[in-house]
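First the structure, in the form of structure tokens, and then the observations on it.
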Amino acid sequence: MLRDASSANAALPATKFTRFTRKTALRALYCRRLIGRIAAIPGDVVECGVFQGGSLAILGLCLRDAGQSRRLWGFDSFRGFPEPAPQDNRSKAVRGRCAAPESAARDTIGQILGQDARDLDVQLVAGFFEDTLPANPLPPIALLHLDVDLYESYRCCLDHLYPKVVPGGVIAFDEYDAGRDRIKWPGAKRAIDAFIAETRLKLERDPLTQKVFCVRV
Ligand SMILES: C[S@@+](CC[C@H](N)C(=O)[O-])C[C@H]1O[C@@H](n2cnc3c(N)ncnc32)[C@H](O)[C@@H]1O
């Protein structure tokens, strides 16, 4: 028997997804495609810029759905942004913005993956990248997902982590020039452009989200 829509919706737990992450369904599909691209590439998945764990949990979900058993790393200060650089838009890039505790990211992973969260090998590393990345002996990386908004943060992540990305591995940039990215996060584009000029890698664009990524050759 069909129930009316309002009573059926009242019982749906699916609203948790939108409650615990602001990321869109398109972004989830994009993450799925990124995970699909690295199916045959050895290495871990590393995210820099975790905040409340939205994209980290989606990446975990995609790994589980793809049957890929890899360690998932999440680096963040969990205290928000550091001091921005002159390359950043100072009205958006404010010290301490996007602060959320590590427990919020763990909660999001638990909410989105449910019981399967126990099987996910997640390593959260708290601290500013400038301190944690040089000190962390990370293994080879198959997917590097960068969502760090700021010029110096992108530079630091790329300087320390690009050498660990294996050939065929993917480096994905959450902000570049899609939507209002150029206005909100101009430092991100500057850092990525400098990286592309140095490495001569080819930027590719995801048609779903207009986000850009490159594949290490
Ligand atoms: C846009 S948020 C990440 C959003 C997250 N990926 C999501 O799906 O909701 C950017 C994050 O980068 C972190 N961040 C930026 N620069 C940092 C730095 N130098 N060291 C550590 N964390 C940094 C901030 O603390 C913030 O949590």
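The values are calculated or read from the model by the stated rules, or taken from the named source; none is laboratory data. Please read all numbers here as calculations on a predicted model, not as lab measurements. Cβ placement follows ideal geometry from the backbone for every residue including glycine, while neighbour counts extend to all protein chains displayed.
Quick look at the values:
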item	result
Residue satisfying condition, being free of Cβ contacts under 8 Å to residues at least 40 places away in the same chain, over 22 Å from residue 45 (Cα atoms) and within 16 Å of the ligand (Cβ to nearest atom), within set 177, 193, 181	181
Set 105, 188, 172, 93: member being over 15 Å from residue 46 (Cα atoms), under 16 Å from the mean Cα position of the chain (by Cα) and either within 14 Å of the ligand (Cβ to nearest atom) or part of a loop (DSSP other than H, G, I, E, B) (or both)	188
Hits in region 196-217 - residues which are touching a residue at least 40 places away in the same chain (Cβ under 8 Å), in a loop (DSSP other than H, G, I, E, B) and of a type outside the set (A, V, I, L, M)	206, 209, 211, 216
Region 108-133 residues that are under 13 Å from residue 49 (Cα atoms), paired with ones that are at pLDDT below 95 (beta carbon under 7 Å, 6 or more apart)	125/136
All positions within region 32-86 that are touching a His at 6+ places or on another chain (Cβ under 8 Å) and either more than 23 Å from residue 137 (Cα to Cα) or surrounded by fewer than 20 Cβ atoms within 10 Å (Cβ to Cβ) (or both)	34, 55
Test: residue in region 164-176 that is surrounded by fewer than 18 Cβ atoms within 10 Å (Cβ to Cβ) and under 25 Å from residue 26 (Cα atoms)	yes
Pick from region 113-135, criterion within 16 Å of the ligand (Cβ to nearest atom) and assigned to a helix (DSSP H, G or I), ranking: nearest to the chain's Cα centre (by Cα)	129
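Residues are listed down the side, and each one gets a yes or a no for (1) within 9 Å of the ligand (Cβ to nearest atom); (2) of a type in the set (Lys, Arg):
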| position | (1), (2) |
| --- | --- |
| 33 | no, yes |
| 39 | no, no |
| 51 | yes, no |
| 55 | yes, no |
| 64 | no, yes |
| 69 | no, no |
| 73 | no, no |
